[in-house]
Amino acid sequence: MNDRAADRILFQLKTRGPQTIGDLGAHFSMTGEAARQHLAKLADAGLVEPEDRRQGRGRPRRYWMLTETGHARFPDNHAQLTVELLRSVRELFGETGLDRLIDKRRTETLDAYKAETGKAGSLPARLERLTAMREREGYMAAWSQAEDGSFLLVENHCPICAAAAECQGICRAELELFQDVLGPDCMIERTDHILAGARRCAYRITPR
């Protein structure tokens, strides 16, 4: 399988979650046999793995998903260096010093985000600009609106996952950051969290 085809399938599994052979075949306009061969090669490389799921009566359906190695194909920006720096800050200045560092980063990021979203009048317009910024930063971000009028911001990748795992205050600060950027006319809650085992981070945004 060529690298381009492999990357396309890996990207689809990363952004859409587990897929069947039929799902992948339909999306990429290929036969089921071709999709099966591609997945077999990716599985041999340790990048994907199958899971059989029973859905009602009949035989279970086989879904394919990324392995930990497959997820690692998507960059975690300067992961080890960042983790080491956070540990050094904690050792030198304690949790208080680490909290001050996170607050400083949040303030600087908020200024940059508000400069981008400040002229967007409506909540959807602000969300569109926030999503575009997160997409540029490598979060594979997208947003949609539900029938009940609420919005969903999805981030299929976390380029700072290693740092967030070392210091979960980073995730708390990001949730507060989104609230400040989108404004008081909405309420934000995290519904999916990569660090809690989900395949993505997702935020429900409800207009007040």
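Descriptive notes on the structure:
- Scanning the chain for GluC sites (Glu not before Pro) that sit in a DSSP loop and have at most 16 other Cβ atoms within 10 Å, the longest stretch containing none of them is 1-136.
- In the context of the full set of protein chains, residues of the chain present 58 Å² of accessible surface per residue (probe radius 1.4 Å, heavy atoms only).
- P(r) tail fraction, the range 84-127 - alpha-carbon pairs more than 12 Å apart, %: 67 percent
- The range 132-187-the range 1-64 distance, computed between alpha-carbon centres (Å): 28 Å
- Taking the chain as a whole, the Cys residues whose C-beta sits 4.7 Å or farther from every other Cys C-beta are Cys167, Cys171, Cys186, Cys201.
- Dividing the summed -39500 (n - 2.57) terms of all DSSP H runs of n ≥ 4 by the residue count of the chain sets its mean residue ellipticity at 222 nm at -17500 deg cm²/dmol.
- Accessible area per residue (1.4 Å probe, heavy atoms of protein chains only) ranks Asp148, Asp52 as Asp148, Asp52, with the largest value leading.
- For Lys114, a cut-off of 26 angstrom between C-alpha atoms picks up these lysines, skipping any fewer than 8 places away in its own chain: Lys104.
- Residue with peak Gaussian network fluctuation, the chain [Cα springs, cutoff 10 Å], from Gly118, Gly94, Gly138: Gly94
- Accessible area of Lys41 in the full protein assembly, 1.4 Å probe (Å², nearest 10): 110 Å²
- Evaluated on the chain, the Kirkwood hydrodynamic radius is 19.2 Å, with distances taken between all distinct Cα atoms.
- Added length on full extension, which subtracts the Cα-Cα distance from 0.36 nm per residue, Arg73 to Glu176: 34.2 nm
- What a 1.4 Å probe finds exposed on the chain is 50% carbon and sulfur by accessible area, rounded to a whole percent.
- Placing Ile102, Ile160 in order of accessible area, with the largest value first and a 1.4 Å probe, yields Ile160, Ile102.
- When its C-alpha radius of gyration is set against 2.2 N^0.38 Å (N residues), the range 98-208 gives a value of 1.02.
The values are calculated or read from the model by the stated rules, or taken from the named source; none is laboratory data. This structure is a prediction, so every number in the text was calculated from the model and none was measured. A quick note on method: Cβ atoms are made from the backbone with ideal geometry, for glycine too, and the neighbour counts reach across all protein chains shown. In case anyone asks, the SASA skips ligands and DNA or RNA and just uses the protein heavy atoms, side chains included. Shrake-Rupley method; radii C 1.70, N 1.55, O 1.52, S 1.80 Å.
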